[in-house]
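To start, the structure under review is shown below, and the notes come after it.
Where a number appears in this text, it was derived from the coordinates with a stated rule and is not lab data. The structure displayed is predicted, hence computed values, not measured ones. Counting neighbours? That spans all protein chains shown, and the Cβs are built from the backbone with ideal geometry, glycine included.
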Amino acid sequence: MALEPRRGWKLTEEIRTAAGLRLYYVGVPAGRSGERPAQRGLRRGAERLRRAGCRRAVAAPDFQGWEALSRAGLRPVDPSPLCQALAAPLAMAWLEQKGVPLDGAVVALSGGRVDRFFFEAALALAPRVRSLAVEARGGGDLLRLLEREWGLPALEGAPRGADLTLRFPGAAPARGPCLDVSGAEPDFGGLSLAGPEGLPEELEPLPLLALLWEEGRLREEEIRIRPGK
């Protein structure tokens, strides 16, 4: 859904595509710049999406109609699975930007339990960093695997001296620099994600990337990690 800078009552409806994925577009007249869009128009637009079979929505970063979408049974796309899948590349990019050599870095992984994304991040980082620390339920088995496969000096519990902590769902508060991939509002420490050229620029990038990745339209290696300013 998008708010269009025009007056009137008529909704815009059309099918658009992003990386081959069909998106049902509804535009709601928002009046002149700075005016608050009519709640009635937002409700009508949300019902159109619902009747079209939509259950999730993407919108611009400053979209003001999420309450209307929620009441119609639509929810935003959750970007956290994609963020967790990219946890290891994000960590390595952050360390590189900060000038911390990977082979001298201590990285802590913190979460409620060792799930698929936590496990994959540990396996990706193990051959690249000096040491990993694991703070999660089931972490002991993971530590023994890392020590057996890589001879990696792994620590149980997040140390105070870690160069970086990766926070997964259920993580304890971090004690130092961290990247948070635990929820719908991730913190990449100044980094950002971008997809290939040609994606709709008016939509909030992260939920759109997450949707395309989830639907198999975008591979992880096609997502670029951009450094902070």
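Here are some notes:
- About its Cα centre, the dipole of the stretch 2-76 is roughly 260 debye, where the only charges are +1 on Lys and Arg Cβ and -1 on Asp and Glu Cβ.
- Electrostatic bookkeeping for ARG16 treats Lys and Arg as +1 and Asp and Glu as -1; over the other residues with beta carbon under 11 Å from its beta carbon, the sum is -2.
- Debye, to nearest 20: dipole size of the chain, +1 on Lys, Arg Cβ, -1 on Asp, Glu Cβ: 1040 debye
- Antiparallel bridge percentage (DSSP; both residues within the chain; nearest 5): 35 percent
- Antiparallel bridge percentage (DSSP; both residues within the stretch 1-127; nearest 5): 60 percent
- Taking the longest Cα principal axis of the chain as reference, the axis of helix 139-150 is set at about 70 degrees.
- Other residues whose C-beta falls under 12 angstrom from the C-beta of LEU203 contribute a net charge of -3, scoring Lys and Arg +1 and Asp and Glu -1.
- Sorted by Cβ neighbour density within 10 Å, fewest at the top, the residues CYS54, CYS83, CYS178: CYS54, CYS178, CYS83
- Helix 39-51 vs. the chain, principal-axis angle (Cα, 0 to 90°, nearest 10): 70 degrees
- Estimated from helical segments only, the mean residue ellipticity of the chain at 222 nm is -8500 deg cm²/dmol, where each DSSP H run of four or more residues counts as -39500 (n - 2.57).
- Sorted ascending by nearby beta carbons within 10 Å, beginning with the fewest, TRP66, TRP9 become TRP9, TRP66.
- Pairwise centroid distance, computed over Cα atoms, of the stretch 167-229 with the stretch 86-113, Å: 15 Å
- For the chain, alpha-carbon Rg and Dmax in angstrom: 20.9, 67
- Cα gyration tensor, the stretch 2-76 - rounded (a/c under 1.5), prolate or oblate: prolate
- Spin-label pair ARG22/LEU145, simplified geometry with 7 Å Cα→Cβ offset, distance in nm: 4.0 nm
- Cβ-based charge dipole, the stretch 2-76, positive-most Cα from ALA38, ALA72, ALA59: ALA72
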